[in-house]
Amino acid sequence: MEKVSIKFDYNNMMSEFVGRRGIKREEVAALSSKAQEAFYDVGRERGTGMLGWTELPYNQEDAVKDILSAAAQIRERFENFVVLGIGGSALGPTAVFTALCHFRYNDLPKEKRGGPRFFVEDNVDPERMNALLDVIDVEKTCFNVITKSGATSETMSQYLIISELLKEKLGDKYRDNIVATTSAKKGNLIKLAADEGFKTFYIPEGVGGRFSELCPVGLLPAAVLGIDIKSLLDGAAAMDEKCSSATCTKNPALMAAVLQYIAMEKKSANISVMMPYSDALKYFADWYCQLWGESLGKATDKRGEKVYAGQTPVKALGVTDQHSQVQLYVEGPFDKVITFIAVDKFRSDVTVPAGAEAFPDVNFLCGHTLQELINTERKATEYALTKAGRMNNAIILPEINAYTVGQLLMFFQLETAYCGALLNIDTFNQPGVEGGKNATYALFERAGYEAKKAEIDAAPKKNDKYII
Ligand code: PA5
């Protein structure tokens with residue numbers, strides 16, 4: 001695998017290219033000391049508090065050995081590997097699987113796959129759970145229960161359903177089909193795992209759900225899939241190194257954060273569209289949406305003042321969404337920044353054959369490859385947006401491999417941390433998510449949530465006249 005670097009192209013964020021609604025060089029310069037402060041804020045806390053994730057590329061030698069040995073056994077023994085988890089425990093594994101495995105991985109014969117079929121179950125839709133059970137044999141399946149808190153209703157419900165089924169089929173041996181990934185210190189899963197004797201991996205302290213792809217949360221599923229996890233971590237380390245300057249012109253993640261900060265604070269661009277031009281990176285946009293939305297969407301800043309910060313993340317896919325959303329991006333409100341993810345060289349290509357000589361409107365495509373077509377269409381959309389005065393930027397991957405995907409993960413994590421520091425908010429909490437979790441506990445009459453239940457019961461009842 002070639003150790004190539006990804007690049008951040010922000011030309012089209014600048015007023016030189018998009019006109020008066022773009023960002024002026026002076027605006028970036030005016031923010032340089034605030035940007036430095038954000039850089040040092042993040043740097044000061046590296047490896048501590050909720051910034052434990054910054055050290056993951058460097059401090060997991062033992063964990064990686066353990067993961068590789070467990071993954072080898074799972075690959076040998078099981079036909080299926082199912083992740084039970086939600087949010088940060090599911091989006092990273094899905095994004096990396098889609099980016100780095102064969103596009104039809106589960107449909108390939110076992111000898112071509114090399115590892116078990118892979119499923120990520122991140123919802124409690126009963127039809128979906130039953131559908132999974134229709135296509136797997138639980139006895140031949142390894143279930144990786146991933147929950148940092150060990151309290152998440154969705155994941156714990158899934159765990160209870162699956163363990164019951166396994167017990168029915170396998171008796172005491174059911175334990176061999178479950179691997180737990182959780183916090184070493186708190187929560188129910190760690191206690192359950194110890195009582196039952198499950199193989200357990202730990203989510204290090206200071207690694208929040210949405211920042212956890214580079215710890216066992218993401219590394220175990222990736223290793224089971226045969227992905228080179230050392231290259232994933234090396235890529236993340238390389239991006240970390242590339243972002244080691246306090247000067248934003250020399251630090252791509254810091255520059256990206258500064259531009260988004262100016263876009264949202266000064267240009268009313270409250271929407272961030274993530275648009276990879278690659279099906280392999282389609283679910284990377286989902287991972288980004290959680291990272292950006294849950295980290296930056298905060299009511300109060302660190303001084304306790306109401307700020308209602310955040311930028312709404314939207315996922316799009318090139319070229320598919322050129323035929324749906326791009327009309328809005330080019331001509332709708334000036335409230336968006338569009339980020340393309342481009343791939344220079346795809347892992348395989350297809351040529352459009354000759355055979356349309358009689359139809360000049362189609363014939364111009366003949367002899368070109370799909371790689372040329374997808375990348376030309378991206379350039380054309382970039383041009384249309386720029387001409388229409390819409391801010392856009394691009395992350396360019398020379399190719400998709402574990403090393404470039406590791407860089408991509410670290411780039412967006414750092415950008416998010418810097419942007420949170422610029423906004424002076426707590427990037428790493430999620431009181432809004434906890435609010436929903438607590439209301440669910442109360443509605444299920446869980447002990448300890450009586451006050452919440454009373455509060456919900458006292459809320460105004462819906463009026464039938466508004467339901468038609
Ligand atoms: O980013 C986060 O912290 C959340 O999205 C969590 O990942 C999600 O709520 C699941 O939490 P847990 O891992 O505790 O089950």
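The values are calculated or read from the model by the stated rules, or taken from the named source; none is laboratory data. Because the structure is a prediction, the values reported are computed rather than measured. Backbone-built Cβ (ideal geometry, glycine too); neighbour counts: all protein chains shown. In case anyone asks, the SASA skips ligands and DNA or RNA and just uses the protein heavy atoms, side chains included. Shrake-Rupley method; radii C 1.70, N 1.55, O 1.52, S 1.80 Å.
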- The alpha-carbon center of segment 65-101 and that of segment 381-421 are separated, in whole Å, by 26
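For segment 206-308, which trypsin sites (Lys or Arg not before Pro) pass both filters: DSSP loop (anything but H, G, I, E, B) and at most 14 other C-beta atoms within 10 Å? Please list the in-between numbers first.
Working: sites: R210, K230, K242, K250, K266, K267, K282, K298, K302, R303, K306; in loops: K267, K302, R303.
Counting only loop positions with at most 14 other Cβ atoms within 10 Å, the trypsin sites (Lys or Arg not before Pro) in segment 206-308 are K302, R303.
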- Task: Set the Förster distance to 60 Å, then compute FRET efficiency between E241 and K462 from the Cβ-Cβ distance, nearest 0.05.
- Result: 0.65
- Task: Could you tally the net charge around P57, taking each other residue with its Cβ under 13 Å from the Cβ of P57, Lys/Arg +1 and Asp/Glu -1?
- Result: -3
- Query: In terms of Cα to Cα distance under 14 Å, which aspartates and glutamates are near enough to K298, apart from those fewer than 8 places away along the same chain?
  - Reply: D426, E434
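Over the chain, what percent of the accessible surface lies on carbon and sulfur atoms, probe 1.4 Å? Please report the intermediate quantities before stating the final value.
Working: 11570 of 22030 Å².
Exposed carbon and sulfur together represent 53 percent of the surface.
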- GluC sites (Glu not before Pro) restricted to segment 152-256 and DSSP loop, no more than 15 other C-beta within 10 Å: E205
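Using only the C-alpha atoms of segment 52-227, find the volume of their convex hull and express it per residue in Å³. Before the final figure, lay out each step's value.
Working: hull volume 18.9 nm³, N = 176.
Hull volume normalised by residue count: 108 Å³.
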- List the relative contact order of segment 52-227 as a percent without decimals, with contacts defined as Cα pairs under 8 Å and 6+ residues apart. 34
- Between M129 and K302, 0.36 nm times their residue separation minus their Cα-Cα distance comes to what? 58.2 nm
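Of K34/K250; K34/K242; K169/K230; K315/K453; K3/K266, which pairs sit farther than 26 Å apart, going by alpha carbon to alpha carbon? Spell out each step's value before the answer.
Details: K34/K250 15 Å; K34/K242 20 Å; K169/K230 36 Å; K315/K453 35 Å; K3/K266 38 Å.
Beyond 26 Å: K169/K230; K315/K453; K3/K266.
Taking the Cα centre of the chain as origin, sum charge times position over the Cβ atoms of Lys and Arg (+1) and Asp and Glu (-1), and report the length of that vector in debye to the nearest 20. Display every interim value, and only then the final one.
Numbers: 54 positive and 61 negative charges, 162 e Å.
The dipole of the chain has a size of about 780 debye.
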- Go ahead and run the numbers for FRET between S324 and A454, Cβ-Cβ distance against an R0 of 41 Å, rounding to 0.05. 0.35
- For Q73 and Y40 in the same chain, what is the full-extension length gain: residue separation times 0.36 nm, less their Cα-Cα distance, in nm? 7.6 nm
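Normalised by the residues of segment 156-204, what does the relative contact order come to in percent, with Cα pairs under 8 Å and at least six apart?
33
Express the accessible area of the chain per residue in Å², computed with a 1.4 Å probe while the remaining protein chains stay in the model. Spell out each step's value before the answer.
On the way: 22030 Å² over 468 residues.
Value returned for the chain: 47 Å² of accessible area per residue.
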- Query: If you count the DSSP beta bridges with both ends in the chain, what percent of them are antiparallel, to the nearest 5?
  - Reply: 15
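Please report the equivalent ellipsoid semi-axes of segment 175-261, computed as sqrt(5 x eigenvalue) of the Cα gyration tensor, largest first, in whole Å.
Working: eigenvalues 231, 51, 16 Å².
The three semi-axes for segment 175-261 are 34, 16, 9 Å.
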- Note on the structure: Of 441-453, 393-405, 334-346, ordering from highest average Cβ density within 10 Å down gives 393-405, 334-346, 441-453
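In percent, what relative contact order does the chain have, based on Cα pairs under 8 Å that are 6 or more apart in sequence? Numbers along the way, then the final one.
Working: 800 pairs, mean separation 105.0, N = 468.
With pairs under 8 Å counted, the relative contact order is 22 percent.
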- Task: Report the equivalent ellipsoid semi-axes for the chain in whole Å, largest first, defined as the square roots of five times the eigenvalues of the gyration tensor built from alpha carbon atoms.
- Result: 36, 30, 24
